[in-house]
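Structure first, commentary second.
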Amino acid sequence: MSDATAAEWLWQEALDHLEADSLGVYELLWLLRGSDYQLPEQQARALAQSTASLLLAEGKARIVRLRWPTNEEVDDTVDASVLLEQTAFEPDEEGVYLALVAPDDDR
């Protein structure tokens, strides 16, 4: 692992993912869990939430709801405050999950 902080590393990972495709909010947490940073779960969740919020605030992404496994966009009017909910990292019972997409991604 480089000398980058976990926050810097996750920021770059998120930007790289957004260049290629959508990024499920849960994936931010998974990336941290699989990294060498070994953050406690609560700290990892907080960092994933703050990274997603910052991506939105800086106009690097917009937040939508997608349906698994087709990644069909089902809602593009999602308020960023949903990132603060405990369920932000879990799909609902219908397989719908929060995702970040590039701001110009018109799916």
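Scoring ALA88 on the criteria (1) within 18 Å of ALA7 (Cα to Cα); (2) under 10 Å from the mean Cα position of the chain (by Cα); (3) part of a helix (DSSP H, G or I) leaves a single failure, condition (1). Scanning region 91-107 for residues that are part of a loop (DSSP other than H, G, I, E, B) and within 19 Å of ALA20 (Cβ to Cβ), we see that the one that is modelled with the highest pLDDT is ALA102. Selection over region 47-81 of residues that are over 12 Å from the mean Cα position of the chain (by Cα), in a helix (DSSP H, G or I) and of a type in the set (A, V, I, L, M, F, W, C) gives a count of 1. Considering region 1-41, the residues that are under 19 Å from PRO91 (Cα atoms), open to solvent by 30 Å² or more (accessible area, probe 1.4 Å) and not aromatic (Phe, Trp, Tyr) include one that is farthest from the chain's Cα centre (by Cα), namely GLU41. Kindly indicate whether ASP104 is over 13 Å from the mean Cα position of the chain (by Cα) and acidic (Asp, Glu). Here the answer is yes, as ASP104 does meet what is asked.
Within region 76-103, the residues that satisfy the criterion of being open to solvent by less than 80 Å² (accessible area, probe 1.4 Å) and free of Cβ contacts under 8 Å to residues at least 12 places away in the same chain are SER81, ASP92.
The values are calculated or read from the model by the stated rules, or taken from the named source; none is laboratory data. Everything numeric here is computed off the predicted structure, so don't read it as measured data. Virtual Cβ from ideal backbone geometry, glycine too; neighbours counted across all protein chains shown. Note: areas computed on protein heavy atoms with side chains; ligands, DNA, RNA excluded. Shrake-Rupley method; radii C 1.70, N 1.55, O 1.52, S 1.80 Å.
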